[in-house]
Amino acid sequence: MHLFIHLTEQQNYYLWRRYGLASVLEVNNLTKIYGSDENQVKALDDASFSIDKGEFVLIVGSSGSGKSTLLNMIGLLDSPTKGKVFIDGIDTTKLNDNKISSFRNKKLGFIFQFSNLLSDLTVLENVLLPRQIGGTNGSAKKDARELLKVVGLESQMNKRANKISGGQAQRVAIARGLINHPSIVLADEPTGNLDSVTSDMVVQLMKSMAKKLNQTFIVVTHEPQHFGSVDKIISIKDGRAFEGEQPSELEVFA
Ligand SMILES: Nc1ncnc2c1ncn2[C@@H]1O[C@H](COP(=O)(O)OP(=O)(O)O)[C@@H](O)[C@H]1O
Ligand SMILES: [Mg+2]
């Protein structure tokens with residue numbers, strides 16, 4: 001439960017900063033219904049959970065269970081039918097359309113199944129894109145180079161994005177997702193399009209970045225066994241979310 005729901009945003013944010021009372025993410029009674037009348041689909045049904053800073057979290061469940069729906073609402077790419085998403089103690093359902101895109105750019109990093117790099121730009125330029133949208137500063141290039149070094153692609157930074165492999169592209173996407181030092185990195189099936197060796201490499205890279213930077217990651221996957229131990233698992237079945245610690249508990253949903 002969010003304790004300070006009746007306070008102003010400033011008061012709420014102050015308390016969050018001062019006492020660390022709220023989590024980096026809090027999802028309260030989140031519900032999403034697509035369509036209308038007899039075509040209605042309840043893709044997400046009253047989901048509530050919270051995530052602390054630095055946690056590496058998996059969202060797992062079979063195809064069509066509601067994983068992307070949940071991630072898209074946390075990522076402010078879609079709005080809920082009911083319920084709330086708090087990020088860094090801020091009630092995102094109260095942000096207007098103008099504020100939402102800058103908030104999203106500042107607070108969230110995205111990694112998708114397909115790396116979605118702009119093929120005409122170089123590797124370095126792709127990593128810099130979110131920073132440029134938010135207004136570039138002097139350290140941007142240095143930060144981007146540093147991140148490319150960490151993902152092992154410093155030597156490729158001036159190559160065009162269409163000249164690198166799928167695994168390399170996904171590593172560039174990870175660097176791009178981290179460039180704005182987001183509160184949360186959201187990844188939807190980031191290994192879904194990779195062979196198993198490359199997939200393992202990308203998983204290990206995300207986990208090591210999470211640890212090194214105390215960076216919160218929320219990763220959607222239908223293959224949790226590839227991730228080893230993580231801080232938290234949210235499993236979804238037919239739009240209902242459960243918190244489960246042990247991957248073995250999830251086998252019924254796999
Ligand atoms: N834009 C949409 N319009 C209507 N139904 C949708 C839409 N997006 C997803 N759904 C439905 O919501 C349910 C959950 O979908 P989704 O979140 O994509 O599942 P997952 O990512 O777990 O495979 C599915 O039944 C899907 O068909
Ligand atoms: Mg999906």
From the options R145, R176, R171, residue that is in contact with an Asp or Glu (Cβ under 8 Å, 6 or more places away or on another chain) and not in a loop (DSSP other than H, G, I, E, B): R145
Per the filter on the stretch 222-232, residues at pLDDT 95 or above and crowded, with 21+ Cβ neighbours inside 10 Å are none
Among the residues of the stretch 172-193, is any over 16 Å from the mean Cα position of the chain (by Cα) and touching a residue at least 24 places away in the same chain (Cβ under 8 Å)? yes
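A quick yes/no check of all residues on (1) surrounded by fewer than 22 Cβ atoms within 10 Å (Cβ to Cβ); (2) of a type in the set (G, A, S):
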| position | (1), (2) |
| --- | --- |
| L44 | no, no |
| A47 | no, yes |
| S50 | yes, yes |
| E55 | yes, no |
| L76 | yes, no |
| T81 | yes, no |
| D88 | yes, no |
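Rundown of residues vs (1) modelled with pLDDT of 95 or more; (2) surrounded by fewer than 18 Cβ atoms within 10 Å (Cβ to Cβ); (3) within 17 Å of L71 (Cα to Cα); (4) of a type outside the set (D, E, K, R), yes/no style:
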{"residue": "K163", "(1), (2), (3), (4)": "yes, yes, no, no"}
{"residue": "G166", "(1), (2), (3), (4)": "no, yes, no, yes"}
{"residue": "N180", "(1), (2), (3), (4)": "no, no, no, yes"}
{"residue": "N193", "(1), (2), (3), (4)": "no, yes, no, yes"}
{"residue": "S196", "(1), (2), (3), (4)": "no, yes, no, yes"}
{"residue": "F217", "(1), (2), (3), (4)": "yes, no, yes, yes"}
Of these, G83, G89, G66, G109, which one is at pLDDT below 95 and not β-branched (V, I, T)? G89
Cβ-Cβ under 6 Å pairs, at least 6 apart or on other chains, the stretch 86-104 side among the hydroxyl-bearing types (S, T, Y), far side modelled with pLDDT of 95 or more: T92/L76; T92/V85; T93/K84
Which residue pairs have Cβ atoms under 7 Å apart, sit 6 or more places apart or on different chains, and have a first residue in the stretch 48-73 that is touching a residue at least 60 places away in the same chain (Cβ under 8 Å) and a second that is assigned to a helix (DSSP H, G or I) and near ligand 1 (Cβ under 6 Å from one of its atoms)? I59/K67; G61/K67
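May I ask you to list the residues in the stretch 216-236 that are in a strand (DSSP E or B) and closer than 16 Å to I111 by Cβ?
Within the stretch 216-236, T216, F217, I218, V219, V220, T221 meet the criteria.
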For residues in the stretch 219-238 being away from ligand 1 (no atom under 13 Å from the Cβ) and among the aliphatic types (A, V, I, L, M), which is nearest to V60 (Cα to Cα)? I233
Being at pLDDT below 95, buried (at least 20 other Cβ atoms within 10 Å of the Cβ) and not aliphatic (A, V, I, L, M) is the filter here, so list the residues in the stretch 17-42 that pass it. S23
The stretch 198-215, subset in contact with a strand residue (DSSP E or B) (Cβ under 7 Å, 6 or more places away or on another chain) and in a helix (DSSP H, G or I), residue surrounded by the most Cβ atoms within 10 Å (Cβ to Cβ): M206
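The values are calculated or read from the model by the stated rules, or taken from the named source; none is laboratory data. These figures come from a predicted structure and were not determined experimentally. Here Cβ is always computed from backbone atoms with ideal geometry, including for glycine, and neighbour counts include all displayed protein chains.
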